[in-house]
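Contents: one structure, followed by commentary.
Every number in this text was worked out from the coordinates using simple rules, so none of it is lab data. Because the structure is a prediction, the values reported are computed rather than measured. Here the Cβ positions follow ideal geometry from the backbone for every residue, glycine too, while neighbour counts run over all protein chains shown.
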Amino acid sequence: MISRDEILANLDGYDAKKAKIGVVASHSALDTCDGATSEGFKTVAICQKGREATFDKYFKKYYNADGSIYRGVVDETVILDKFNGILDPKVQEKMMKDNILFIPNRSFVSYCGIDAVENDFKVPMVGSRNLLRSEERGDEKDYYWILDKANLPAPKKVEKPEDIDNVGLTIVKVHHKQKKLERGFFTAKSYEQFCQKSEELIKDGVIDENFLESARMEQYIIGPVFNLDFFYSPLEEKGSKLELLGIDWRFESSLDGFCRLPGKQQVELENDGILPEYTVCGHNSATLRESLLDKAFELAEKYVEATKKYYDPGIIGPFCLQTCVDKDLHFHIYDVAPRIGGGTNVHMAVGHPYGNSLWRREMSTGRRLAMEVRKAIEQGRLDEIIT
Ligand SMILES: Nc1ncnc2c1ncn2[C@@H]1O[C@H](COP(=O)(O)OP(=O)(O)O)[C@@H](O)[C@H]1O
Ligand SMILES: [Mg+2]
């Protein structure tokens, strides 16, 4: 892992007054660029050739003669053959010369690989570099490990397929065989059904024959999904350092299409061997009943504490606790994103309901991030939010 001192030494070469916000152009990049624009920053989107149009054309920023913004959120694009071209030392040099403060998102880590993010990417990053690894399911100190240390509720782990008979409905989390970054998830209510479904999915090329080696199996929580978009501010000195900005949930294909069919038709499809897939393709906004908010904050406070204890310096900026709420109104955390969430675009420009109410203006996650950067620059405290 690159030492924080090395990154801070790179930051020393920056002209903070000219700082720009940079991001890999995918995932939540529009929200990041939109928020940075609202806070008066120039933005740079690092694109992959063939996937640049959204950033380079449709959301490109234009200015009026008086310097005010005419339209758009992306000032500059860097178009690389592959996203991981961002690791090229020359590209990194250029980013640092350009005073780019980099916002990590899930695409950045997925396309570059966590080892390179930790060891080879030297650009000052807003957020917690060391925590990004906790998202790699199956790693020694992954987010399940943190949840356990923090005494936070996670769905019960199912050790082996035979145990499904005791636990009941189980979700099996595996990588999609062909769509490498997507999910080959499925559910089973018994060992017998596990065998049937996995055989079907192997036959269809959705999962690999050896899928069990890297599978995570856990109790399926029956209840709605709430992705809690939190923000932790190391800089805040008056109010709480922890903020709830908003809540989102996902549209998944083909699962959501299944859900909109009559039950009989769903069973018929399954009988024909057509099983739903879990590919994320959009998000929506949500709120929680107020009596659940205290509990949500309690979960997040515990998570923050645990990251401080086990992942020095702990979480910085946005993070997302992905939860299901069961019939007795208990939260179960099934995933944690220690960075900007994938669903924050739903609040882009209009702001998050809770974030807006807290800050008395439109406060998306992207804007909150940029606001923290601006504050850090004004107070000469950039070193506290950079790793
Ligand atoms: N234990 C669980 N119980 C019920 N639903 C779950 C559970 N774990 C995951 N899910 C569902 O699967 C989706 C993706 O799960 P997640 O663990 O976040 O995988 P990934 O981060 O790879 O997308 C969630 O949005 C949720 O709908
Ligand atoms: Mg997730």
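At-a-glance table
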item	result
Principal-axis tilt of helix 290-310 within the chain, Cα atoms, nearest 10 degrees	70
Beta bridges by DSSP in the chain, antiparallel share as percent, to the nearest 5	70
Taking N as its residue count, the alpha carbon Rg of the stretch 1-86 over 2.2 N^0.38 Å	1.20
Stretch in the chain that is longest and holds no GluC sites (Glu not before Pro) that DSSP places in a loop and that have at most 12 other beta carbons within 10 Å	238-387
Cut-off under 5 Å, modelled amide H: who pairs with residue 176 long-range	182, 183, 184
Three semi-axes of the equivalent ellipsoid, the stretch 1-146, Cα gyration tensor, whole Å, largest first	27, 18, 14
Inter-label distance, nm, simple model (7 Å from Cα along the C-beta direction), residue 178/residue 281	1.5
Two-site FRET efficiency, residue 12 against residue 329, from Cβ-Cβ distance with R₀ of 41 Å, rounded to 0.05	0.25
In degrees, nearest ten, helix 29-38 long axis to first principal axis of the chain (Cα)	40
Among 267, 126, 91: highest mean-square fluctuation, GNM of the chain, C-alpha pairs under 10 Å	267
Extension reserve of the residue 212-residue 302 stretch, reckoned as 0.36 nm per residue once the Cα distance is removed	29.3 nm
All Cα pairs of the stretch 44-113, percent lying beyond 18 Å	45
Radius 12 Å from Cβ of residue 15, net charge of other residues (Lys, Arg +1; Asp, Glu -1)	+2
Estimated [θ] at 222 nm from DSSP helical runs (n ≥ 4, -39500 (n - 2.57)) normalised by residues in the chain, nearest 500	-9000 deg cm²/dmol
Loop-resident sites, the stretch 332-368, for trypsin sites (Lys or Arg not before Pro), counting at most 15 other Cβ within 10 Å (DSSP)	360, 361
Rounded to the nearest 20 debye, dipole of the chain from Cβ charges on Lys, Arg, Asp, Glu	1140
Cβ charges +1 (Lys, Arg) and -1 (Asp, Glu), total dipole of the stretch 161-219, debye	380
Stretchable slack from residue 162 to residue 58, in nm (0.36 nm times residue separation minus alpha-carbon distance)	32.3 nm
Neighbour-limited loop hits for trypsin sites (Lys or Arg not before Pro), the stretch 1-60 (at most 12 other Cβ within 10 Å; DSSP other than H, G, I, E, B)	49
Residue-wise HN-Hα coupling along the stretch 216-226, computed from phi with Karplus coefficients 6.51, -1.76, 1.60 (Hz; x: Gly, Pro)	10, 10, 8, 4, 7, 8, 8, x, x, 9, 10
Other-chain or far-sequence residues with amide H under 5 Å of residue 251's (modelled H)	281, 282, 283, 284
Residue 292/residue 65 FRET efficiency (R0 56 Å; Cβ-Cβ; nearest 0.05)	0.65
Fraction in percent of alpha-carbon pairs per bin - 10 Å, the stretch 161-219	26, 57, 16, 0
Zero-based 5 Å bins, Cα pair distances in the stretch 139-185, whole percents	5, 17, 17, 20, 24, 14, 3, 0
Three principal axis lengths of the chain [C-alpha, angstrom, descending]	65, 45, 39
Euclidean distance of C-alpha centroids, the stretch 325-375 and the stretch 163-242, integer Å	23
Spatially proximal aspartates and glutamates relative to residue 180 (Cα-Cα < 14 Å; intrachain offsets below 8 disregarded)	208, 277
